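Note sheet for the following structure.
The values are calculated or read from the model by the stated rules, or taken from the named source; none is laboratory data. The model shown is predicted, which means the values in this text are computed figures rather than measured ones. Positions of Cβ are backbone-derived with ideal geometry, glycine not excepted, and every protein chain shown enters the neighbour counts. In case anyone asks, the SASA skips ligands and DNA or RNA and just uses the protein heavy atoms, side chains included. Shrake-Rupley method; radii C 1.70, N 1.55, O 1.52, S 1.80 Å.
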Amino acid sequence: MAQFGSPPPFPTTETSSEMRKKQKQEDEQEQQPLGSLPEGPLVEILSRVPYSSLCRFKCVSKPWLALCSDPQVRKRCPQTLSGFFHHRPHGRLGVNFRNLSGRGPPMVDPSLPFLRKSYELVNPEHCCGGLILCRCWKSGHSGEDEYNLVVCNPATEKWTELPPCPIEFDLFIETEQYLGFDPAFPSRFVVFLNLWNKVAIYSSDTGRWTVVQSGWIYGPRTMGYLECVFLNGTMHLLTSQPSILTVDTKGEVWGEIDIPGNVPQSCVDHSIGQSQGCLYAWYVDNPNTCQLSVWALQEYGSENWTLKHTVNILELFGRHRRKADESYKMFAIHPDRNLIFLTDGKKKTISYDMDNQEVHVIGICKKLWGVQPYIPCFAEWPSVGH
């Protein structure tokens, strides 16, 4: 007759309690983004991670999503170029957004949905640092000139509506609008309205407009908000001459800076930008040879430009000559590195490191135009904002 051992004992109360305790510890460990690593050191680590990496970490788990969305973590992480806003094709209202890597969904929703709770139509105009100046219509049936000027921060979804400008716009005279913002002073911004013979300046410090006589009445024509740089508390505007017009935030100091080098008559696609605290200017000497020259004003106020780099754009794109439907140009420079961005005017966008002369393809897609660099800013918004 077979011998069977005695059946295993039922779990005691103490055994069940230990099992529940163990399961609870495992559940709590699962909820920790890095297991046993305390949250304090983890927050310190994440605060040193670029925002683009922080966005990718959100996909790991729900605890990671919560931690990487913490405003205190986002505010402390180092901010640098994250991508580019660019105009939609065929003149359609609004903008698109391209990540710097050229991959993945947009880090920023270019439709600015947080504004659409208050406005029916939203048209982003000018991006400066981490802020965007928009024209917003509360009704789709409003007239073209019946809009409000709004400055918003897409990273924090905070925004403020500017009071009406004290000058009436002439519909037959184009009004140029510029936003000035320095992340070093995140609670302060200015907006310039260039009305040919007068300039209206809005300051977030005072919450009011100031109207001054323009110092550019008899100067060359400016190229618009796509060709402006806010640096050292001064707005810099590229002209068709080409030269650079300047004005301070109070409209008291007006000036003009000559474009560097002996600019040839065949020069095309001259533009300006800023990098590592310096004003930059660049141009292509000829649309057929496509030789690019990049200059830096390393001592601001001296007007002594330094030639930083020259390169043949055709070679960067692996071409021997330019085709009739191609228009090569440099459209931006990285704010923290000697890295420039170029397009062939059709589909291909590349980056080029001026130090090690390396080329990387960012994307092969539709044509980029009206490109504006975007650097997220998570600083606290002034109390008057939404």
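Give 138/329; 138/347; 58/158; 58/117 a once-over and call out the pairs whose C-alpha atoms are over 30 Å from each other. Listed pairs above 30 Å: 138/329; 138/347. The residues 70, 248, sorted by heavy-atom accessible surface at 1.4 Å with ligands and nucleic acids left out, run 70, 248 from largest to smallest. In loop segments of region 274-381 as defined by DSSP, the GluC sites (Glu not before Pro) with at most 16 further C-beta atoms inside 10 Å of their C-beta are 299, 303, 358, 380. Computed over protein heavy atoms with a 1.4 angstrom probe, the accessible surface ordering of 259, 375, largest first, is 375, 259.
For region 251-366, the relative contact order works out to 17 percent when only alpha carbon pairs closer than 8 Å and six or more residues apart are counted. Under 5 Å from the amide H of residue 119 lies no amide H of any residue 5 or more positions distant or on a separate chain, with H modelled from the backbone and absent for Pro and chain starts. Net charge near residue 339, counting Lys/Arg +1 and Asp/Glu -1 over other residues with Cβ under 15 Å of its Cβ? So the environment of residue 339 carries a net charge of -2. Across every pair of non-identical alpha carbons in region 185-303, the mean reciprocal distance, once inverted, gives a Kirkwood radius of 15.3 Å.
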